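Data first, discussion second: the structure below is written as structure tokens.
The values are calculated or read from the model by the stated rules, or taken from the named source; none is laboratory data. Please read all numbers here as calculations on a predicted model, not as lab measurements. Here the Cβ is made from the backbone with ideal geometry for all residues, glycine too, and neighbour counts use every protein chain on show.
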Amino acid sequence: MFKIPRNARTYIAQSIFVSTLAVSSLSFAKGATQILSAQQVSEDIKAFVSLLHQRYAYLDTKNVDQTSFEACLQKEVAQIKTVNALSGHLNRCFEFFYDQHSEIRPRPRDYYLPMPTALTMWAEVKDDAATIISIPHNGYAHKIGFRAGMKIEQINHKPVFEAIKSANISGQKSAQTWVLNRLLTGSRHQKIVLTVSWQGQPQTLTIDTRQVVADILQDKPILTSQWMGDIAYIRPENSLGNNALISAFDQALAEFKDASALILDLRNTPSGGNSDVARGIMSRFISERFPYQEHELVAVEREFGVKRRWQEFVYPRGDNTFTKPLVVLSNRWTGSMGEGMTIGLHGMQRATVIGTPMAQLLGAISGHTLTHSQLNVVIPVEKLFHINGTPREAFLPDIVIDHIDNIENEDLALKAGLRHLSKLASKAN
């Protein structure tokens with residue numbers, strides 16, 4: 001197992017604690033209880049709406065009822081007196097966009113935890129049923145008894161579709177799966193009681209979000225790696241936002257220079273990261289320059305009628321790039337920059353992608369500060385695409401893994417990856 005210095009390890013808990021989980025909640029943030037005048041509240045709300053109309057990249061695909069959205073923003077607005085209250089109000093109304101890649105920070109302490117970072121399972125609404133589709137291998141949900149294939153009948157003793165309807169601010173049917181997973185994520189210090197049907201029998205299981213958060217914040221290595229026969233295996237541990245991962249990855253790759261192939265496991269990257277780290281890793285798998293994704297800045301066309309779209313490139317780095325077969329593993333916890341790396345290595349024809357659809361986080365995000373409250377509105381301002389033109393959120397693996405009825409809790413994606421590489425080796429021989 002590859003070892004990382006402890007000072008590098010601590011970054012993971014710190015970065016998630018401060019940034020992704022937004023544990024620097026308004027209950028403790030400086031200025032949280034700052035009093036806002038009615039005019040200041042009104043001006044920040046107007047700035048928020050204007051920002052979305054100008055820069056929110058997916059306005060054309062969300063089909064938001066703007067009249068209802070703006071009515072939500074004006075509802076009981078006279079009761080908003082503090083920064084904390086305004087953040088809660090804006091976040092709740094922003095649910096019209098059902099977009100887990102967007103939020104107003106810092107979020108109130110009693111608001112939903114972020115998806116997919118704090119999401120313990122992925123469920124979908126389909127064919128008049130709410131079904132658990134995927135659970136991280138050996139993750140929290142599996143340990144407490146959940147299984148892919150379970151039908152969710154009730155959430156906190158309320159029929160599941162009644163719970164979804166109550167929480168679905170947008171009212172759109174297309175938002176139902178998103179709402180369901182928000183309910184399964186819950187808020188801090190919450191116990192989510194689920195009644196499920198499994199193999200014809202009802203069960204009651206409880207998600208304790210305090211334990212979920214504690215597990216996320218637990219000290220972890222920046223990456224893990226090991227030999228699997230003559231195949232190398234490397235897994236970043238939710239560290240794509242840590243620049244130290246670049247040198248750690250180089251060190252791990254040097255130990256595997258004689259491997260016949262490599263599996264890059266991106267199934268624990270829910271909190272995203274930055275493109276410097278992503279390019280730093282991808283650059284070790286190529287020997288010439290390649291484009292890895294396309295960007296589209298929608299605001300330019302929206303304002304001037306002129307499309308602005310471009311490709312971003314990766315350049316080879318290091319004396320010994322790894323040119324042997326590569327498999328990338330993905331799942332619903334492959335988020336944002338993890339998704340960018342996945343489509344990038346696939347687009348450069350350097351990797352076979354195996355797993356489930358990814359987190360489907362929309363676009364490249366940017367933060368914008370509201371003048372009076374100093375709240376940070378984080379929204380996608382650029383659409384992102386595979387170099388073949390496929391929207392990043394629509395990308396599917398080359399080999400799609402179905403986890404339904406995986407009773408034995410096998411790591412099906414990893415097994416499929418090893419099987420795929422074995423077949424390539426057999427053909428080469």
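Here is how the numbers come out for the structure above:
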{"quantity": "The range 262-300, subset of a type in the set (S, T, N, Q) and not in a helix (DSSP H, G or I), residue surrounded by the most Cβ atoms within 10 Å (Cβ to Cβ)", "calculated": "269"}
{"quantity": "Criterion: of a type in the set (A, V, I, L, M, F, W, C) and more than 23 Å from residue 335 (Cα to Cα) - qualifying residue of 123, 129, 141", "calculated": "129"}
{"quantity": "Those residues of the range 301-349 which are crowded, with 22+ Cβ neighbours inside 10 Å and at positive phi, in sequence order", "calculated": "336"}
{"quantity": "Residue, nearest to residue 393 (Cα to Cα), within the range 61-105, restricted to residues that are without any contact (Cβ under 8 Å) to a residue 24 or more places away in the chain and of a type in the set (Asp, Glu)", "calculated": "70"}
{"quantity": "Residue among 131, 209, 195 that alone is at pLDDT 95 or above, among the hydroxyl-bearing types (Ser, Thr, Tyr) and touching a His at 6+ places or on another chain (Cβ under 7 Å)", "calculated": "209"}
{"quantity": "Flag if residue 426 is small (Gly, Ala, Ser) and either loosely packed, with under 13 Cβ neighbours inside 10 Å or under 30 Å from residue 55 (Cβ atoms) (or both)", "calculated": "yes"}
{"quantity": "Elements of type strands (runs of 3 or more DSSP E) contained in the range 343-403, each with 3 or more residues being among the charged types (D, E, K, R) and more than 30 Å from residue 131 (Cβ to Cβ)", "calculated": "none"}
{"quantity": "Test set (1) in contact with a strand residue (DSSP E or B) (Cβ under 6 Å, 6 or more places away or on another chain); (2) in a helix (DSSP H, G or I); (3) surrounded by 22 or more Cβ atoms within 10 Å (Cβ to Cβ) - residue 84 fails condition number", "calculated": "(1)"}
{"quantity": "Some residue of the range 370-385 being modelled with pLDDT of 95 or more, surrounded by fewer than 22 Cβ atoms within 10 Å (Cβ to Cβ), small (Gly, Ala, Ser) and not assigned by TED's automatic domain parsing to the domain that holds residue 239", "calculated": "no"}
{"quantity": "Candidate set from the range 50-81 (those that are assigned to a helix (DSSP H, G or I) and of a type in the set (Ser, Thr, Tyr)); member that is surrounded by the fewest Cβ atoms within 10 Å (Cβ to Cβ)", "calculated": "67"}
{"quantity": "Criterion violated by residue 99 - all others in (1) in contact with a Ser or Thr (Cβ under 7 Å, 6 or more places away or on another chain); (2) within 27 Å of residue 84 (Cα to Cα); (3) among the acidic types (Asp, Glu) satisfied", "calculated": "(1)"}
{"quantity": "Residue, farthest from residue 193 (Cα to Cα), within the range 143-176, restricted to residues that are surrounded by fewer than 21 Cβ atoms within 10 Å (Cβ to Cβ) and of a type in the set (A, V, I, L, M)", "calculated": "169"}
{"quantity": "Whichever residue in the range 177-226 is within 15 Å of residue 155 (Cβ to Cβ) and basic (Lys, Arg) and, among such residues, is surrounded by the fewest Cβ atoms within 10 Å (Cβ to Cβ)", "calculated": "191"}
{"quantity": "One residue from 391, 397 being without any contact (Cβ under 8 Å) to a residue 24 or more places away in the chain and under 19 Å from the mean Cα position of the chain (by Cα)", "calculated": "391"}
